[in-house]
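To keep things clear, I will list the structure first and then write my remarks on it.
The values are calculated or read from the model by the stated rules, or taken from the named source; none is laboratory data. Note that this is a predicted model, so its numbers are computed, not measured. Here the Cβ positions follow ideal geometry from the backbone for every residue, glycine too, while neighbour counts run over all protein chains shown. SASA here: full protein model, heavy atoms, side chains in, ligands and nucleic acids out. Shrake-Rupley method; radii C 1.70, N 1.55, O 1.52, S 1.80 Å.
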Amino acid sequence: MTDLKSLTLSELEALMAQLGQPKFRAAQIFSRLAAGVTDLDELTALPKSLRAQLGESCCINSLQCLRKQVSGRDGTVKYLWELTDGNAVETVLMRYEHGNSVCISTQVGCRQGCAFCASTIGGLVRNLTAGEMLDEVIFTQLDSGVKISNIVLMGIGEPLDNYDNVLKFLSLVNSPQGMNIGMRHITLSTCGRLEEMRRLAEEKLQLTLAVSMHACDDETRSRLMPSNRRCGVEPLVAACAEYFEKTGRRVTLEYAMIDGVNDTPRHAESLARSAAKIGAHVNLIPLNHVEEQPLQPSGKAAMKRFCDILSSRGVNFTLRRSLGGDVDASCGQLRRRRETEQLKGGSNESLRHN
Ligand code: SAH
């Protein structure tokens with residue numbers, strides 16, 4: 001069965017031509033799908049015969065809400081969605097003054113093995129399709145009733161590990177006939193896959209590329225992120241410079257501050273040097289503690305000392321608030337909790353409290 005949600009407008013047009021249908025039918029279907037239609041019978045603008053014809057080889061993917069948690073502190077909403085094959089992924093809706101941002105997952109699980117991240121604990125299960133990623137945005141918007149203006153690909157998974165589907169998703173969500181979310185309102189975060197970063201640079205998209213740095217010396221970074229053992233800090237910083245040169249878009253460096261691990265003055269100096277080389281903006285965030293892992297967020301004094309050094313070196317940085325701390329909002333925490341509860345014999349039913 002072909003999932004209509006994963007087709008671009010031109011692919012839908014080709015399908016209509018194949019079925020002997022006029023071209024305008026494709027745009028009709030495309031915009032209704034972006035509005036959250038879940039059943040072919042809801043495509044009421046189409047003749048019944050076409051709906052029946054489509055039913056023979058096509059379906060419309062959708063997600064079921066397994067769990068929804070609303071933060072009492074900052075209005076952050078976390079969704080746990082069930083995919084058609086029973087797997088689950090998370091989406092987070094964050095409300096800022098400048099707009100509503102949705103953080104989406106790109107894979108079920110992750111194979112990167114970062115020491116601080118909950119998403120990777122059970123390894124990679126599978127890639128998400130373009131349609132499934134689109135559904136995360138569509139259903140978050142529908143359920144919350146809030147207009148989504150920004151997207152960050154910072155949920156479960158490594159987007160550049162699922163390159164083709166992610167690129168297709170970007171084109172779907174950016175389409176003027178669909179959700180029409182501007183590329184400048186989209187941020188893609190990667191642990192730093194060099195080959196795919198080069199490929200992405202060639203696409204010359206206007207999105208923001210964020211690189212999860214977390215340390216700028218190889219010893220610390222390799223300890224935190226196994227991917228650093230294949231490609232060290234220096235080549236990664238060079239790839240960021242190349243990305244900036246090719247696209248004209250500055251790279252953002254993500255830095256989760258971890259107590260006693262990457263928050264000393266030496267680490268700050270090393271981050272300042274790397275950031276200066278590529279004119280990067282740095283996003284600092286205190287680590288979200290993950291139950292299964294021993295790492296803890298940096299203390300206030302260490303964070304202040306770190307920020308003071310960055311300031312004195314002229315680094316452009318933002319110290320982010322950690323949003324949604326009371327709703328397991330960090331990458332992979334809610335999916336992980338569901339797995340642990342299932343292991344303990346909890347049923348899906350007991351998890352539903354939306
Ligand atoms: N795989 C991609 C995107 C997913 S992770 C990447 O590595 O960038 C999104 C961001 O959240 C990354 O910067 C990641 O390093 C960070 N992150 C993961 N777990 C975290 C935690 N427990 N606390 C703070 N940030 C975390």
Filtering strands (runs of 3 or more DSSP E) wholly in region 147-221 for at least 1 residues that are under 17 Å from K246 (Cβ atoms) gives 186-190, 208-212
Heads up, the strands (runs of 3 or more DSSP E) in region 16-114 (entirely inside) with at least 1 residues that are open to solvent by 20 Å² or more (accessible area, probe 1.4 Å) are 64-70, 77-82, 88-96, 99-104
Subset of region 201-229, residues closer than 15 Å to A115 by Cα, of a type outside the set (G, A, S) and open to solvent by less than 30 Å² (accessible area, probe 1.4 Å), comes to M213, H214, T220, R221, L224, M225, N228
If you go through R273, R198, R250, the only one that is more than 19 Å from C114 (Cα to Cα), touching a strand residue (DSSP E or B) at 6+ places or on another chain (Cβ under 9 Å), among the charged types (D, E, K, R) and in contact (Cβ under 8 Å) with a residue 12 or more places away in the chain is R250
* Is there a residue in region 209-225 that is at pLDDT below 95 and among the hydrophobic types (A, V, I, L, M, F, W, C)? -> no
Filtering region 290-307 down to residues that are closer than 19 Å to R223 by Cβ, out of contact with any strand residue (DSSP E or B) (no Cβ under 6 Å at 6 or more places or on another chain) and either β-branched (V, I, T) or open to solvent by 30 Å² or more (accessible area, probe 1.4 Å) (or both) yields V290, E292, P294, Q296
Within region 243-253, the residues that are in contact with a helix residue (DSSP H, G or I) (Cβ under 8 Å, 6 or more places away or on another chain) and open to solvent by less than 60 Å² (accessible area, probe 1.4 Å) are Y243, T247, R249, V251, L253
Among residues of region 166-197 being charged (D, E, K, R) and within 12 Å of the ligand (Cβ to nearest atom), the residue surrounded by the fewest Cβ atoms within 10 Å (Cβ to Cβ) is E196
- Query: Condition test on N283, is it within 16 Å of the ligand (Cβ to nearest atom), at negative phi and open to solvent by less than 30 Å² (accessible area, probe 1.4 Å)?
  - Reply: yes
When region 239-279 is checked residue by residue, the ones that are more than 16 Å from C307 (Cβ to Cβ) and within 16 Å of the ligand (Cβ to nearest atom) are A239, C240, Y243, V251, T252, G260, V261, S274
If you go through R352, R338, R320, the only one that is open to solvent by 40 Å² or more (accessible area, probe 1.4 Å) and modelled with pLDDT of 65 or more is R320
Flagged pairs (Cβ under 8 angstrom, 6 or more apart or on separate chains; first in region 254-270, among the polar types (S, T, N, Q) and in a helix (DSSP H, G or I); second at pLDDT 95 or above and more than 15 Å from the ligand (Cβ to nearest atom)) are S270/D217
Over region 80-124, the set of residues polar (S, T, N, Q), more than 16 Å from the ligand (Cβ to nearest atom) and under 15 Å from the mean Cα position of the chain (by Cα) is N100
Among residues of region 134-165 being within 16 Å of the ligand (Cβ to nearest atom) and open to solvent by 30 Å² or more (accessible area, probe 1.4 Å), the residue nearest to C117 (Cα to Cα) is M154
Checked pairs for region 154-179, first without any contact (Cβ under 8 Å) to a residue 12 or more places away in the chain, second of a type in the set (A, V, I, L, M) and open to solvent by less than 10 Å² (accessible area, probe 1.4 Å), C-beta under 9 Å and 6 or more apart or across chains, list as D164/A130
Subset of region 115-133, residues more than 23 Å from A215 (Cβ to Cβ) and either open to solvent by 30 Å² or more (accessible area, probe 1.4 Å) or polar (S, T, N, Q) (or both), comes to G122, L124, V125, R126, N127, T129
